Amino acid sequence: MTNLGIGLIGYAFMGAAHSQAWRNAPRFFDLPLHPDLNVLCGRNAEAVQAAAGKLGWSTTETDWRALLQRDDVQLVDVCTPGDSHAEIAIAALEAGKHVLCEKPLANTVAEAEAMADAAAKAAAQGIRSMVGFTYRRVPAIALARKLVAEGKVGTVRHVRAQYLQDWIADPEAPLSWRLDKEKAGSGALGDIGAHIVDLTQFITGDRIAEVSGRLETFVKERPKAEAHSGLSGTASAERGPVTVDDAAVFIANFRGGALGVFEATRFATGRKNAIRIEINGSKGSLAFDFEDMNLLHYYDATEDAETAGFRRILATEPVHPYVAAWWPPGHLLGYEHGFTHQVVDLVTAIAEGKDPEPSFADGLQVQRVLAAVEDSSNSREWQEIPE
């Protein structure tokens, strides 16, 4: 097979980002399989048809079950709200389709366990699956992982992570599915907190063992939305309850002995998409902020004290992960490039008959951390995460 037929379910914010990635990946990278944008799926026939024309998809469906029956779809890309991830992904795997599923993997640990089990069974038949923790594919983040793996920071002592946004800081910002627990599973904790859980575990190569956390909902009621576009919307006169957390904070112990401090909030006024991670080790430190995403700051504690200091690394050189396929050194990459790199890694793994990362099992482990934080907030007790 030289072509890989893609069926994408969902065409809003994430659907658009994934569509661009599927279009761009074969134009900049030498892929072993060529992704064909064959089917875009959404419930509203008129809207999905318009989106298909804009985003570059050949045909449309209004029922994801019909998409699974199509012979021109070998991979299903799930970009729906979390309440449908398990049903769609499991059915796709059982239909013999490879699956890319947006994060967080599911809304509950039980759903994530079922998905991981289905993925393991499918893998035995050569069917691959991956969860979309896209920020792993930012070159500076991938470089950070490489430096830790090479021992450049020594033994990791501290992990500090924040994901800060402000898009619902206005109490009159309208409700969306992201503020509905039935659809989203959780609020800032799952939507953005999941990313920093995954990123810190990815960079350190270690996993969280136990947590103590607190969730808070600052605005309990909001206007219902008349319409939505991306993260913004138009408010109606009717109001409804917010059923998820607005902010989450927790401390963590890693299995390797490091201490972690985590914060995820949509109420950090002035912070638009700040993913801040700092790793402190026995031989050095690393620091990253997604609002300056091409930079990685590295401190080498073995250098002479007279000249030692954080080094500013502009991760745009051809030697840096993923960068050689793009622009000359110093020509910056953006948010969308991580999705393209995700496609490259997934397609390459499928062609090579390997299980891509992060796997559904990795997504399940993150889901267990999220659940433990929520349980800790409710019980006011430390919670252990099963290995």
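So for the stretch 52-59 (the condition being more than 19 Å from GLY132 (Cα to Cα), among the hydroxyl-bearing types (Ser, Thr, Tyr) and surrounded by 15 or more Cβ atoms within 10 Å (Cβ to Cβ)), does at least one residue qualify?
yes
Which condition does PRO35 not pass, out of (1) open to solvent by 30 Å² or more (accessible area, probe 1.4 Å); (2) in a strand (DSSP E or B), if it passes all the others?
Looking at each condition in turn, PRO35 falls short on (1).
Hey, can you tell me all the residues within the stretch 1-11 that are over 12 Å from VAL78 (Cα atoms) and out of contact with any helix residue (DSSP H, G or I) (no Cβ under 7 Å at 6 or more places or on another chain)?
MET1, THR2, ASN3, GLY5
Right, ILE127: open to solvent by less than 10 Å² (accessible area, probe 1.4 Å) and of a type in the set (Val, Ile, Thr) or not?
The answer is no for ILE127.
Under 6 Å by Cβ, and 6 or more places apart or on different chains, what pairs join a residue from the stretch 39-59 that is within 19 Å of LYS97 (Cβ to Cβ) with one that is at pLDDT 95 or above and charged (D, E, K, R)?
Partner pairs satisfying both residue conditions: VAL39/GLU61; CYS41/GLU61.
Name the pairs whose Cβ atoms lie under 7 Å apart, with the first residue in the stretch 335-352 and touching a residue at least 40 places away in the same chain (Cβ under 8 Å), the second of a type in the set (S, T, N, Q) and open to solvent by less than 20 Å² (accessible area, probe 1.4 Å), and 6 or more positions between them or separate chains?
Short answer, once both residue conditions are applied: GLY338/THR134; PHE339/THR134; GLN342/THR134.
For the stretch 62-74, how many residues are buried (at least 22 other Cβ atoms within 10 Å of the Cβ) and under 16 Å from TYR11 (Cα atoms)?
Qualifying residue count, the stretch 62-74: 2.
Return yes when ALA248 is crowded, with 18+ Cβ neighbours inside 10 Å and aliphatic (A, V, I, L, M) and no when it is not.
Yes; evaluated as a whole, the condition is true for this residue.
Would you tally the residues in the stretch 280-323 being of a type in the set (Gly, Ala, Ser) and open to solvent by 70 Å² or more (accessible area, probe 1.4 Å)?
Residues in the stretch 280-323 being of a type in the set (Gly, Ala, Ser) and open to solvent by 70 Å² or more (accessible area, probe 1.4 Å): 1 in total.
Is it true that ALA25 is touching a residue at least 12 places away in the same chain (Cβ under 8 Å), under 19 Å from GLY185 (Cβ atoms) and touching a His at 6+ places or on another chain (Cβ under 9 Å)?
Here the answer is no, as ALA25 does not meet what is asked.
Any idea which residue in the stretch 324-356 is least open to solvent (accessible area, probe 1.4 Å), counting only those that are among the aromatic types (Phe, Trp, Tyr) and more than 18 Å from the chain's Cα centre (by Cα)?
By that ranking, first place goes to TRP326.
Any residue at all in the stretch 121-135 that's over 22 Å from ASP246 (Cα atoms), in a helix (DSSP H, G or I) and free of Cβ contacts under 8 Å to residues at least 60 places away in the same chain?
yes
Please enumerate the residues belonging to the stretch 60-83 that are of a type in the set (Val, Ile, Thr), touching a Cys at 6+ places or on another chain (Cβ under 8 Å) and touching a residue at least 40 places away in the same chain (Cβ under 8 Å).
VAL78
Identify all residues within the stretch 357-370 that are open to solvent by less than 30 Å² (accessible area, probe 1.4 Å) and among the aliphatic types (A, V, I, L, M); write none if there are none.
The answer is LEU364, VAL366, VAL369, LEU370.
So if I check each of ALA188, ALA169, which one is small (Gly, Ala, Ser), under 23 Å from ASN378 (Cβ atoms) and at pLDDT 95 or above?
ALA188
Residue pairs, Cβ under 8 Å, 6 or more apart or interchain, first in the stretch 90-116 and under 14 Å from VAL73 (Cβ atoms), second surrounded by fewer than 23 Cβ atoms within 10 Å (Cβ to Cβ) and among the polar types (S, T, N, Q). List them.
The qualifying pairs are ALA95/GLN69; GLY96/GLN125; LYS97/GLN74; HIS98/GLN74.
Among the residues of the stretch 215-224, is any within 30 Å of GLU150 (Cα to Cα) and surrounded by 19 or more Cβ atoms within 10 Å (Cβ to Cβ)?
No - not one qualifying residue is present in the stretch 215-224.
Checking LYS146 against (1) open to solvent by less than 30 Å² (accessible area, probe 1.4 Å); (2) in a helix (DSSP H, G or I), which test does it fail?
(1)
Per-residue answers, yes or no, for (1) open to solvent by less than 30 Å² (accessible area, probe 1.4 Å); (2) over 22 Å from GLY205 (Cβ atoms):
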| residue | (1), (2) |
| --- | --- |
| ALA86 | yes, yes |
| LYS103 | yes, no |
| GLU111 | no, yes |
| ALA118 | yes, yes |
| LYS121 | no, yes |
| LYS152 | no, no |
| ARG160 | no, no |
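The values are calculated or read from the model by the stated rules, or taken from the named source; none is laboratory data. Values in this document were obtained by computation on a predicted structure and should not be read as measured data. Using ideal geometry, Cβ is built from the backbone for each residue, glycine included, and neighbour counts are taken over all protein chains shown. Accessible surface is based on the protein model in full, side chains and every heavy atom, while ligands, DNA and RNA are left aside. Shrake-Rupley method; radii C 1.70, N 1.55, O 1.52, S 1.80 Å.
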